[in-house]
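S.K.: Mind looking over this structure? Questions follow.
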Amino acid sequence: MPLEDFELGILTCMYKKKIIGSSHRRVDSIAGLCHVRDKKGFKKTLRKLAKQNYLNQWHGPAYSLTPEAVTLVEEHLGLR
């Protein structure tokens with residue numbers, strides 16, 4: 001299933017902020033770093049991305065990018 005622009009934007013922001021692998025962040029921190037103004041449904045979006053194996057979920061509501069997501073974002077940014 002293709003990603004929506006908002007979802008790809010979240011993954012790109014997380015990549016630029018280096019929230020990758022073991023450098024996980026909590027939901028509120030990700031929202032703040034990525035300047036998400038409308039937080040309604042943000043947790044649900046992150047859970048959806050985790051189910052699609054783009055995010056690792058850590059203790060409670062903390063997430064980081066998976067290698068698959070890093071590859072996708074790098075292709076989107078033209079780095080690969």
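S.K.: Would you please list the contacts, defined by Cβ atoms under 8 Å and residues six or more apart or on different chains, that run from a residue in the stretch 2-16 that is of a type in the set (Gly, Ala, Ser) to a residue that is in a loop (DSSP other than H, G, I, E, B)?
M.R.: Listed pairs, sorted by first residue: Gly9/Cys34.
S.K.: Here is a further query. So Ala69 fits all but one of (1) surrounded by 15 or more Cβ atoms within 10 Å (Cβ to Cβ); (2) part of a loop (DSSP other than H, G, I, E, B); (3) among the small types (Gly, Ala, Ser); what number is the exception?
M.R.: (2)
S.K.: Let me ask you something else. Would you confirm whether any residue within the stretch 22-31 is aliphatic (A, V, I, L, M) and assigned to a strand (DSSP E or B)? Write out each step before concluding.
M.R.: If we filter the stretch 22-31 for residues that are aliphatic (A, V, I, L, M), which is where we start, we get 27, 30-31.
Applying the additional criterion that residues be assigned to a strand (DSSP E or B) yields none.
No, every residue in the stretch 22-31 fails to be aliphatic (A, V, I, L, M) and assigned to a strand (DSSP E or B).
S.K.: Something else now. Conditions first: (1) out of contact with any strand residue (DSSP E or B) (no Cβ under 6 Å at 6 or more places or on another chain); (2) small (Gly, Ala, Ser); (3) at pLDDT 95 or above. Ser64 passes all but one, so which condition is the exception?
M.R.: Checking Ser64 against (1) out of contact with any strand residue (DSSP E or B) (no Cβ under 6 Å at 6 or more places or on another chain); (2) small (Gly, Ala, Ser); (3) at pLDDT 95 or above, the one that fails is (1).
S.K.: Considering the stretch 48-66 alone, what residues qualify as being free of Cβ contacts under 8 Å to residues at least 24 places away in the same chain, surrounded by 14 or more Cβ atoms within 10 Å (Cβ to Cβ) and either farther than 19 Å from Leu33 by Cα or not aliphatic (A, V, I, L, M) (or both)?
M.R.: Scanning the stretch 48-66 gives Gln57, Thr66.
S.K.: I would also like to ask the following. For Arg80, state whether it is surrounded by fewer than 17 Cβ atoms within 10 Å (Cβ to Cβ), assigned to a loop (DSSP other than H, G, I, E, B) and either at pLDDT 95 or above or touching a helix residue (DSSP H, G or I) at 6+ places or on another chain (Cβ under 7 Å) (or both). Show your work before the answer.
M.R.: Numbers: surrounded by fewer than 17 Cβ atoms within 10 Å (Cβ to Cβ): yes; assigned to a loop (DSSP other than H, G, I, E, B): yes; either at pLDDT 95 or above or touching a helix residue (DSSP H, G or I) at 6+ places or on another chain (Cβ under 7 Å) (or both): yes.
Yes: the conditions hold for Arg80.
S.K.: Is it the case that some residue within the stretch 20-37 is acidic (Asp, Glu) and surrounded by fewer than 13 Cβ atoms within 10 Å (Cβ to Cβ)?
M.R.: First pass over the stretch 20-37, keeping only residues acidic (Asp, Glu): 28.
Next cut, surrounded by fewer than 13 Cβ atoms within 10 Å (Cβ to Cβ) only: none.
No: the stretch 20-37 contains no residue that is acidic (Asp, Glu) and surrounded by fewer than 13 Cβ atoms within 10 Å (Cβ to Cβ).
S.K.: Filtering the stretch 32-61 down to residues that are of a type in the set (Gly, Ala, Ser) and more than 15 Å from Phe6 (Cβ to Cβ), which residue is modelled with the lowest pLDDT? Outline the logic, then answer.
M.R.: The first filter runs over the stretch 32-61 and keeps only residues of a type in the set (Gly, Ala, Ser), leaving 32, 41, 50, 60.
Those still in the list that are more than 15 Å from Phe6 (Cβ to Cβ) too: 32, 50, 60.
Working: Gly32: 95, Ala50: 94, Gly60: 72.
Ranking the candidates gives Gly60 first.
The values are calculated or read from the model by the stated rules, or taken from the named source; none is laboratory data. None of these values were measured; they are calculated from a predicted model. Neighbour counts run over all protein chains shown; Cβ positions are idealised from the backbone, glycine included.
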